[in-house]
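A.B. asks: A single structure is presented below for examination.
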Amino acid sequence: MKKQALPLALFRYLGRSFISFVGELGAIAIFFFYGFVNIFSYPFQPRKIMQQVYFIGAKSIMIVALVGLFTGMVLGLQGYYTLVKFGSEGMLGAAVALSLLRELGPVLTALMVIGRAGSSMAAEIGIMRISEQIDALDTMDIDPIRFLISPRIGASIISFPLLTSLFDVIGILGGYLTGCLLLRINSGIYFNRIYDSVVMKDVTSGYWKSLAFAIIVSTICSYQGYFTHLRPGGFGARGVSLATTSAVVISCVLVLAADYVLTSLLL
């Protein structure tokens, strides 16, 4: 009897987990849809959106630029010592530019923003939840999702492509510093290879990825903070810390998974 009961218990557990997972995905999708639609509802909130653009975008410029610079320099260094084995060191500019535009730019920008702004987003909304500020908005007949979530989603959609562009440009400059100034590749060849190899599809694919990552990061981080009070692991400060941790981990995993899916579709 015990041997027969064990597979049944396992199937019950897997079934409950799958149903819970599907329900969670549905709740997140509805949460995003409601928040996104409210961006365009009257009265508009340009001031709140610009405040979030400043927080999510402008305040992330330094960390994105710094990571972009060193990423480009590392790509230039590693790419040179790989290409020189085949006598193709002149292709370094194309290798650095395509790596940044197609993959590393959008992904690393999203990961940096998750660490700097996404965690803060989840913690801020979570604290508002446990301190009953969100309940107070409901009491005053103010839609909390429209007031708190919609500006963050709109600001992320604006900020992520701009930060990705900054990362790509500074990364290419970092590759130039390593390849041309340190390893003595001709700068004309470096930039000419970029001009010959990069097409508009490479640029637009990076922008599509950055838009998808903006939606993922803003939705997941806001969702985790907004429903902090429903977490089974704890309430109060512990609940906020767990929500913030979950927001960062889930966002990073989904960004990498979405990058694979989008790369498969856009190639």
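The values are calculated or read from the model by the stated rules, or taken from the named source; none is laboratory data. Predicted model, so just to flag it, every value in this text is computed and none were measured. Every residue, glycine as well, gets a Cβ built from its backbone with ideal geometry; the counts of neighbours run over all protein chains shown.
A.B. asks: Residue check: is residue 99 modelled with pLDDT of 90 or more, touching a Ser or Thr at 6+ places or on another chain (Cβ under 7 Å), hydroxyl-bearing (Ser, Thr, Tyr) and surrounded by fewer than 22 Cβ atoms within 10 Å (Cβ to Cβ)?
C.D. replies: Criteria not met by residue 99.
A.B. asks: Taking residue 93 as the residue in question, decide whether it is part of a helix (DSSP H, G or I) and at pLDDT below 90.
C.D. replies: When the stated conditions are applied, residue 93 passes them.
A.B. asks: Still on this model: Here is a check on your reading of the model: is residue 189 touching a Gly at 6+ places or on another chain (Cβ under 7 Å), in contact (Cβ under 8 Å) with a residue 12 or more places away in the chain and farther than 30 Å from residue 120 by Cα?
C.D. replies: Considered against the rule, which asks whether it is touching a Gly at 6+ places or on another chain (Cβ under 7 Å), in contact (Cβ under 8 Å) with a residue 12 or more places away in the chain and farther than 30 Å from residue 120 by Cα, residue 189 comes out as yes.
Quick grid of which residues meet (1) free of Cβ contacts under 8 Å to residues at least 12 places away in the same chain; (2) small (Gly, Ala, Ser); (3) outside any helix (DSSP H, G or I):
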| site | (1), (2), (3) |
| --- | --- |
| 7 | yes, no, no |
| 21 | yes, no, no |
| 25 | yes, no, no |
| 32 | no, no, no |
| 44 | yes, no, yes |
| 61 | no, no, no |
| 72 | no, yes, no |
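A.B. asks: Among residues belonging to the stretch 191-232 that are among the polar types (S, T, N, Q) and within 21 Å of residue 135 (Cα to Cα), point out the one that is farthest from the chain's Cα centre (by Cα).
C.D. replies: Among those residues, the one meeting the criterion is 228.
A.B. asks: Considering 260, 195, which residue is in a helix (DSSP H, G or I), closer than 30 Å to residue 27 by Cα, at pLDDT below 95 and of a type in the set (Phe, Trp, Tyr)?
C.D. replies: 260
A.B. asks: Out of all the residues in the stretch 52-73, which are over 16 Å from residue 113 (Cα atoms) and either touching a strand residue (DSSP E or B) at 6+ places or on another chain (Cβ under 8 Å) or surrounded by fewer than 16 Cβ atoms within 10 Å (Cβ to Cβ) (or both)?
C.D. replies: 70
A.B. asks: Let me ask another. Among the residues of the stretch 23-52, count how many are of a type in the set (Val, Ile, Thr) and either closer than 12 Å to residue 150 by Cα or touching an Asp or Glu at 6+ places or on another chain (Cβ under 6 Å) (or both).
C.D. replies: Total satisfying the criteria: 3.
A.B. asks: Just for the stretch 174-215: of the residues that are surrounded by 16 or more Cβ atoms within 10 Å (Cβ to Cβ) and of a type in the set (Phe, Trp, Tyr), which one is nearest to residue 109 (Cα to Cα)?
C.D. replies: 213
A.B. asks: Only one of (1) more than 20 Å from residue 115 (Cα to Cα); (2) buried (at least 20 other Cβ atoms within 10 Å of the Cβ); (3) within 21 Å of the chain's Cα centre (by Cα) is not met by residue 36, so which one is it?
C.D. replies: (2)
A.B. asks: Mind counting the residues in the stretch 129-146 that are part of a helix (DSSP H, G or I) and without any contact (Cβ under 8 Å) to a residue 24 or more places away in the chain?
C.D. replies: Matching residues across the stretch 129-146 total 6.
A.B. asks: Against the definition (aliphatic (A, V, I, L, M), surrounded by 16 or more Cβ atoms within 10 Å (Cβ to Cβ) and either over 23 Å from residue 75 (Cα atoms) or under 24 Å from the mean Cα position of the chain (by Cα) (or both)), how does residue 266 come out, yes or no?
C.D. replies: No; evaluated as a whole, the condition is false for this residue.
A.B. asks: Would you check if there is a residue in the stretch 243-253 being under 18 Å from residue 31 (Cβ atoms), in contact (Cβ under 8 Å) with a residue 12 or more places away in the chain and in contact with a Leu (Cβ under 9 Å, 6 or more places away or on another chain)?
C.D. replies: yes
A.B. asks: Taking the conditions exactly as written (surrounded by fewer than 18 Cβ atoms within 10 Å (Cβ to Cβ) and either in a helix (DSSP H, G or I) or within 21 Å of the chain's Cα centre (by Cα) (or both)), does residue 78 satisfy them or not?
C.D. replies: yes
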